[in-house]
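The values are calculated or read from the model by the stated rules, or taken from the named source; none is laboratory data. Predicted model, so just to flag it, every value in this text is computed and none were measured. Glycine also receives a Cβ, built like all others from the backbone with ideal geometry; neighbour counts cover every protein chain displayed. SASA here: full protein model, heavy atoms, side chains in, ligands and nucleic acids out. Shrake-Rupley method; radii C 1.70, N 1.55, O 1.52, S 1.80 Å.
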Amino acid sequence: VRAAVQIASCELMVATVAARASWDSREFASRISWDSRQWLRWERLLYASMQRPALGIALLAALLPCTLVALPVMPLLSLALLRCTPTPRGRHDVGIADVEQRLLSLPGPAPLARLRVFYPSKAERERPRASWLPDGPARGRYATQHGFALPLPRWATRFLAPFLTSFLRLARLPRRVSRLAPPVAPTEAAAAAGWPLAVFSHGLWGCSASYSGLCAELASHGAVVIALEHGDGSAVYTETSDGEARVYGSVDGDDARARQQRRRVAEARAVIDSIDEIARQLPAGVAVDKSRLSLIGHSFGGSSVLRTAADIASGRPRVSAGLVRAVVACDPWISGYDETADGVAPVPTLALLTPSMMYPGNERKVGGVMRRLAQSSATALYAEVRDTRHQEISDFPCINHSPLRFFCMAGARPPAEAHALQTSLVAGFLALAGALDAPAGSELAAQREVARGLFLAAEEPPPEESDYIVHGASLGAAAPPVPASPMALSAPGGLAA
């Protein structure tokens, strides 16, 4: 019996060594095959219906009676389920300002762009809670245009959109986020020149309000975050005070997406070059350190910030804010960006994915970008948050979770938990890269240590109970050291509460 146990132990050891030998974190490839991933039955059916038109038509026909019954009560049901965006967990309250900036460096007539700026502020709890969408008459138009994202025929959406999405007019931000709240001055020595700057790029069907939870979270940790509303036709809707308005426009083909990306890169760079003009539109005292710039984007915006960083690194032409400190691509959809032709920026980069975007074609493209970054001696982390879905870093699942859960646009986790797991790693990685200041004992310092620990944990098999899966990691030459022992692949206790 002892001999049999010894033989079995040796076989287990050999198998473990072989498994570790077959995995190299520098390959930046998925540890889990697409076919072996676990999906909900309803999710599998929806995915199959998108791949097979006949099945999709049959499913729509089967759901039509239920849809006709539910339509009259949908706005009331959505209103009853309406919640605010996630409350930021950092040391500071957050002020917001919806401003406009003329992008002078774009070719042709300089367009106005709508921006939402988030900044650390003093507590203003006695103020009425701020609306999620822009104030004024534009709020109704933004709410209506969100209805055109629904999976309905265009002719039906034209009549139903104002009815089905009217509840969004009443969506509110949490009490720690106030419109035009008085700013707080930075206290850390590293931030003496002003708060670090982050520029955010939304995905398809997004707008400057769609990621207020993520942007407010970063601002609460001590940053000025500018959420750009793109004018390339990818925003759900955008309008400016000069009378210009644009709705979402579908495009097909790689060439069309590449044109959109070129416009997005030009817009992001124009915003970076206009920081001084933007700051003058904010409440007096908002100080911005242009030398500590990070770029963050979601989905199509993830590709946009990767390409923008590469464009800035190439020096075509050099932006006034200097080089980028860090890049975060949240669930990036690699489209209109080719790392071979467009290059990469050798700066700390996080690709944070959900299972939704780990399908083979996109996973290989993301892995290719991250390998190229590692080869350039940049710090690169390719991670996945378990049991989440593509929309969960945006505000929508937290605002109205049940409909998105029904259509499998939200995962099995509670919406606040799914959002916190992603935003925590984003903030922690930025702190690890030096793009945010993390005072000792702060929650951001704990988030930074989780991000740091993922680099060492990349060589270990991910535990079943872990929140994160690391598909690749490489520490750059100037990266801070990893801890002596692996960190848990989970957020700090109480983080998602």
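Applying the condition of being under 19 Å from PRO153 (Cβ atoms) and out of contact with any helix residue (DSSP H, G or I) (no Cβ under 6 Å at 6 or more places or on another chain) to the range 41-51 and asking which residue is most open to solvent (accessible area, probe 1.4 Å) yields MET50. Among the residues of the range 117-134, the ones that are farther than 18 Å from HIS221 by Cα, charged (D, E, K, R) and surrounded by 17 or more Cβ atoms within 10 Å (Cβ to Cβ) come to 0 in all. Only one entry in SER394, SER377, SER356 is open to solvent by less than 20 Å² (accessible area, probe 1.4 Å) and of a type in the set (Ser, Thr, Tyr), namely SER394. With respect to being assigned to a loop (DSSP other than H, G, I, E, B) and modelled with pLDDT of 55 or more, GLU459 fits the description. If you filter the range 309-338 down to residues that are among the charged types (D, E, K, R), closer than 20 Å to PHE200 by Cα and modelled with pLDDT under 95, you find that the one that is most open to solvent (accessible area, probe 1.4 Å) is ARG318. Looking at ARG389, ARG325, ARG364, ARG371, which is the one that is of a type in the set (D, E, K, R) and within 28 Å of ASP273 (Cβ to Cβ)? The conditions single out ARG325.
In summary, helices (runs of 4 or more DSSP H) completely within the range 1-84 and bearing 3 or more residues that are at pLDDT 75 or above occur at 41-51, 53-70, 74-80. When the range 402-418 is filtered for residues that are modelled with pLDDT of 90 or more and either crowded, with 20+ Cβ neighbours inside 10 Å or in a helix (DSSP H, G or I) (or both), the ones remaining, listed by number, are ARG413, PRO415, ALA416, GLU417, ALA418. When the residues of the range 257-283 are filtered to those that are over 15 Å from LEU293 (Cα atoms) and of a type in the set (Lys, Arg), the one that is surrounded by the fewest Cβ atoms within 10 Å (Cβ to Cβ) is ARG280. Screening PHE148 on (1) within 23 Å of the chain's Cα centre (by Cα); (2) surrounded by 19 or more Cβ atoms within 10 Å (Cβ to Cβ); (3) assigned to a helix (DSSP H, G or I) shows it passes everything except condition (2). Name every residue in the range 207-248 that is polar (S, T, N, Q), open to solvent by 10 Å² or more (accessible area, probe 1.4 Å) and farther than 21 Å from VAL305 by Cα, in order of residue number. Passing the criteria: THR240, SER241. Pairs are defined by a Cβ separation below 7 Å, a sequence spacing of at least 6 or placement on different chains, a first member in the range 239-251 that is farther than 16 Å from GLN101 by Cβ, and a second member that is among the charged types (D, E, K, R) and not in a loop (DSSP other than H, G, I, E, B); the pairs so defined are ALA245/GLU239; VAL251/ARG257.
Would the range 428-441 turn up any residue that is open to solvent by 10 Å² or more (accessible area, probe 1.4 Å), under 23 Å from LEU46 (Cα atoms) and in a helix (DSSP H, G or I)? Within the range 428-441 (the criterion being open to solvent by 10 Å² or more (accessible area, probe 1.4 Å), under 23 Å from LEU46 (Cα atoms) and in a helix (DSSP H, G or I)), the answer is no, since none of the residues qualifies.
Within the range 98-116, residues that are open to solvent by less than 20 Å² (accessible area, probe 1.4 Å) sit with their Cβ atoms under 6 Å from residues that are among the acidic types (Asp, Glu) and assigned to a strand (DSSP E or B), at 6+ positions apart or across chains, in these pairs: ARG116/ASP98.
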